[in-house]
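Undergrad: My structure is below; once you've seen it, I'll send some questions.
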Amino acid sequence: MGLNKKSVDDMNVKGKRVLVRCDFNVPLKNGEITDETRIVAALPTINKLINDGAKVILCSHLGKVKEGPNEKESLAPVAKRLSEKLGKEVNFVADYNVTGEAATAAVAAMNEGDVVLLQNTRFRGKEETKNGEEFSKELADLADAYVCDAFGSSHRAHASVAGVTKFISEKGGENAVGYLMQKEIDFLGNAVENPVRPFVAILGGAKVADKLNVINNLLEKCDTLIIGGGMAFTFLKAKGMEVGNSLVDNEKLDYCKEMMEKAEKLGKKLLLPVDTTIADHFPDPIDGPIDVQVVAADQIPADKEGLDIGTETAKMYADAVKSAKTVVWNGPMGVFENPTLAAGTIAVAKSLAETDATTIIGGGDSAAAVNQLGFADKMSHISTGGGASLEFLEGKELPGVVAADDK
Ligand code: ATP
């Protein structure tokens with residue numbers, strides 16, 4: 001995937017209608033936005049376009065919209081909050097059709113620097129999610145140029161992410177990426193394709209099956225691959241160890257063996273837990289009190305469950321991070337939702353916070369853990385897209401990135 005993409009800095013947008021795909025998929029409770037991070041993250045690109053005299057037309061999805069258009073998944077609360085953040089009016093087109101007469105009229109009335117927000121793109125159902133040509137063209141008809149700044153949706157070939165660019169190109173318009181997308185491409189792309197070495201990749205989380213391609217791809221790119229979390233037990237079992245009631249993907253034992261052989265062949269270090277924190281059973285509730293014990297990885301009793309990396313493993317992983325120049329981390333080292341089982345995840349997060357290496361957190365639970373622990377500003381980059389960053393780490397082409405013009 002070519003990563004040298006045209007950005008908002010490469011465009012001349014004065015007087016032009018620019019359609020910007022944002023990620024305004026914010027959490028809502030009783031119609032109120034409970035976390036405005038995604039709105040704040042979109043501001044630099046929007047402000048740049050306003051200051052350059054563009055007519056800024058914003059679009060985004062919100063929620064899953066399983067039962068068709070509805071007020072609960074309207075972007076109205078986003079329009080209000082965005083207007084406060086920008087300090088200027090955001091003209092919200094509430095029409096469930098997203099494009100069409102109301103949108104066309106609102107855009108026709110725009111002056112340079114004005115902002116219009118279209119309704120939730122998923123209100124168009126499969127036309128959006130199946131990359132429908134008609135909806136793609138209708139979106140493109142509203143604009144002269146297109147900017148994708150929705151990294152969290154860039155792994156999906158949806159009309160507002162991918163399809164629209166074809167029709168913008170057809171009329172000679174430019175397709176670029178915004179600052180948010182650019183930052184993700186720079187950090188994730190450089191880490192995977194051109195890392196400063198030693199490059200250490202840390203993978204955790206629940207299941208091996210969810211991260212097969214990530215393990216395979218990162219093994220090729222990194223110098224050391226560290227495995228923790230629930231997925232480590234499938235590797236341990238594949239090495240012939242007793243793992244008790246720990247989480248195991250029995251169908252992936254051969255895969256794990258293959259990966260261990262591959263590491264050896266490539267001369268890569270593949271680090272697995274040498275000890276583990278065990279308990280009688282999974283905590284219920286997940287953050288409830290629990291009695292634990294640390295045992296060597298090959299000494300897990302048949303009736304116990306491994307729920308975090310052990311203290312020796314935490315030290316070993318932290319040491320591996322110390323000598324790294326680039327670190328990518330995705331997935332917690334244990335059931336970090338429980339304070340007694342968060343030690344391994346905290347130790348890894350702390351080692352990343354303390355190193356001078358470029359540190360990249362690949363979204364999802366590890367991003368939540370880093371934020372929760374107050375280490376967020378110590379990381380070089382925390383990806384805004386869990387699924388999208390995982391696909392990036394798998395080496396897959398992201399439709400939203402591919403669709404942007406090359407420089
Ligand atoms: P996301 O999918 O949101 O990007 P992620 O990739 O960071 O998240 P997941 O694969 O979803 O991670 O796994 C996270 C979950 O794995 C957490 O809820 C955690 O409690 C669980 N987990 C971690 N270690 C273990 C373990 N040893 N046994 C069981 N569950 C575990």
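Nothing in this text is a laboratory measurement; each read-out follows from the coordinates by a stated rule. In this text the structure is predicted, and so the values were computed from the model without any measurement. Note: ideal-geometry Cβ built from the backbone for every residue, glycine included; neighbour counts use all protein chains shown.
Undergrad: By average Cβ neighbour count within 10 Å, what is the ranking of 278-284, 25-31 from highest down? Please list the in-between numbers first.
TA: Numbers: 278-284: 15.9, 25-31: 13.3.
Taking the mean over residues of other Cβ atoms within 10 Å, the ranking is 278-284, 25-31.
Undergrad: For the stretch 22-64, take the convex hull of the Cα atoms, compute a quarter of its surface area, and give me that in nm², please. Present the calculation step by step, with values, prior to reporting the outcome.
TA: On the way: hull surface 13.3 nm².
Its Cα hull, projected and averaged over all orientations, spans 3.3 nm².
Undergrad: I'd like the distance between the alpha-carbon centres of the stretch 342-376 and the stretch 153-183, rounded to an integer number of Å.
TA: If you average the Cα positions of each part, the centres end up 31 Å apart.
Undergrad: Let me ask you something else. Share of antiparallel DSSP beta bridges in the stretch 264-399, in percent to the nearest 5?
TA: Of the beta bridges lying entirely in the stretch 264-399, close to 55 percent run antiparallel.
Undergrad: With springs connecting C-alpha atoms under 10 Å apart, model the chain as a Gaussian network and identify which of 277, 37, 234 has the largest mean-square fluctuation.
TA: Ranking 277, 37, 234 by mean-square fluctuation puts 37 first.
Undergrad: Just to confirm a number: summing +1 for Lys and Arg and -1 for Asp and Glu over residues other than residue 372 whose beta-carbon lies under 14 angstrom from that of residue 372, what do you get? It would help to have the intermediate numbers written out before the result.
TA: Values: positive: 350, 378; negative: 35, 287, 337, 365, 377.
Once all neighbours under 14 Å are counted, the net charge is -3.
Undergrad: Quick one: among 396, 48, 265, which has the greatest mean-square fluctuation in a GNM of the chain with alpha-carbon springs under 10 angstrom?
TA: 265
Undergrad: To the nearest 0.05, what FRET efficiency results for residue 284 and residue 396 with a Förster distance of 35 Å applied to their C-beta separation?
TA: Details: r = 36 Å, r/R0 = 1.04.
According to the calculation, E is roughly 0.45.
Undergrad: A follow-up question, please. Amide H to amide H under 5 Å from residue 61: which residues, 5+ apart in sequence or cross-chain, H placed 1.01 Å off N in plane?
TA: For residue 61, whose amide H was placed from the backbone, the distant partners under 5 Å are 24, 121.
Undergrad: May I pose another question? Say R0 is 30 Å: what FRET efficiency, to the nearest 0.05, do residue 293 and residue 371 get from their beta-carbon distance? Each step should come with its number before you reach the end.
TA: Working: r = 30 Å, r/R0 = 0.99.
That pair, residue 293 with residue 371, gives E of 0.50.
Undergrad: I've got another one for you. If r is the Cβ-Cβ distance from residue 94 to residue 12 and R0 is 45 Å, what FRET efficiency results, to the nearest 0.05? Please report the intermediate quantities before stating the final value.
TA: Details: r = 32 Å, r/R0 = 0.71.
It comes out at approximately 0.90.
Undergrad: For the stretch 1-149, report the % of Cα-Cα distances exceeding 19 Å. Walk me through the intermediate numbers first.
TA: On the way: 5533 of 11026 pairs.
So the portion of pairs separated by more than 19 Å is 50 percent.
Undergrad: In whole angstrom, note down how far apart the Cα centers of the stretch 88-148 and the stretch 213-272 are.
TA: 46
Undergrad: Would you mind computing, in nm to one decimal, how far apart the modelled labels at residue 251 and residue 213 are, each placed 7 Å from Cα along Cα→Cβ?
TA: With each label point 7 Å from Cα toward Cβ, the separation is 1.7 nm.
Undergrad: While we're looking at this one, here's another question. How much mean residue ellipticity at 222 nm does the chain get from its helices, if each DSSP H run of length 4 or more adds -39500 (n - 2.57) and you divide by all residues, to the nearest 500 deg cm²/dmol?
TA: On the way: 16 runs with 140 residues, N = 407.
Per the formula, -9500 deg cm²/dmol.
Undergrad: So, one more: Let me make sure I get this right: for the chain, a, b and c are the square roots of the gyration tensor eigenvalues over alpha carbons, sorted descending. Under 1.5 in a/c it's rounded, otherwise prolate if a/b > b/c, else oblate. Which is it?
TA: On the way: a/c = 2.33, a/b = 1.96, b/c = 1.19.
Here the chain falls in the prolate category.
Undergrad: A further question follows. Looking only at the stretch 186-316, where both bridge partners belong to it, what percent of the DSSP beta bridges are antiparallel (to the nearest 5)?
TA: Numbers: 8 of 15 bridges.
That works out to approximately 55 percent antiparallel.
Undergrad: How large is ³J(HN,Hα), in whole Hz, for each residue of the stretch 52-62 in order, when computed from phi with the Karplus curve 6.51 cos²θ - 1.76 cosθ + 1.60 and θ = phi - 60°, using x for Gly and Pro?
TA: So the J values, rounded to whole Hz, are 7, x, 7, 9, 9, 9, 9, 9, 6, 9, 8.
Undergrad: Counting only residues 5 or more places away or on other chains, whose amide H sits under 5 Å from the amide H of residue 158 once H atoms are built in the peptide plane?
TA: Here the answer is 163, since their amide H atoms fall under 5 Å of that of residue 158.
Undergrad: Can you give me the long-range amide H partners of residue 144? Hydrogens built in the peptide plane at 1.01 Å from N, cutoff under 5 Å, separation of 5 or more residues or another chain.
TA: Placed amide hydrogens put 17, 18, 19 under 5 Å from residue 144.
Undergrad: Step through the residues of the stretch 24-37 one at a time and calculate ³J(HN,Hα) from phi using the Karplus curve (6.51 cos²θ - 1.76 cosθ + 1.60, θ = phi - 60°), rounding each to whole Hz and writing x for Gly and Pro.
TA: 9, 7, 8, x, 10, 9, 6, x, 9, 6, 8, 8, 9, 3
Undergrad: Considering only DSSP beta bridges whose two residues both sit in the chain, what percent are antiparallel, to the nearest 5?
TA: 25
Undergrad: Also, quick follow-up: What residue among 307, 43, 118 shows peak mean-square fluctuation when the chain is described by a Gaussian network model with Cα springs under 10 Å?
TA: 43
Undergrad: Let me ask another. Give me a comma-separated list of calculated 3J(HN,Hα) values for the stretch 210-215, in order, Karplus coefficients 6.51, -1.76, 1.60 applied at θ = phi - 60°, integers in Hz, x for any Gly or Pro.
TA: Result, ordered by residue: 6, 10, 3, 6, 5, 4 Hz.
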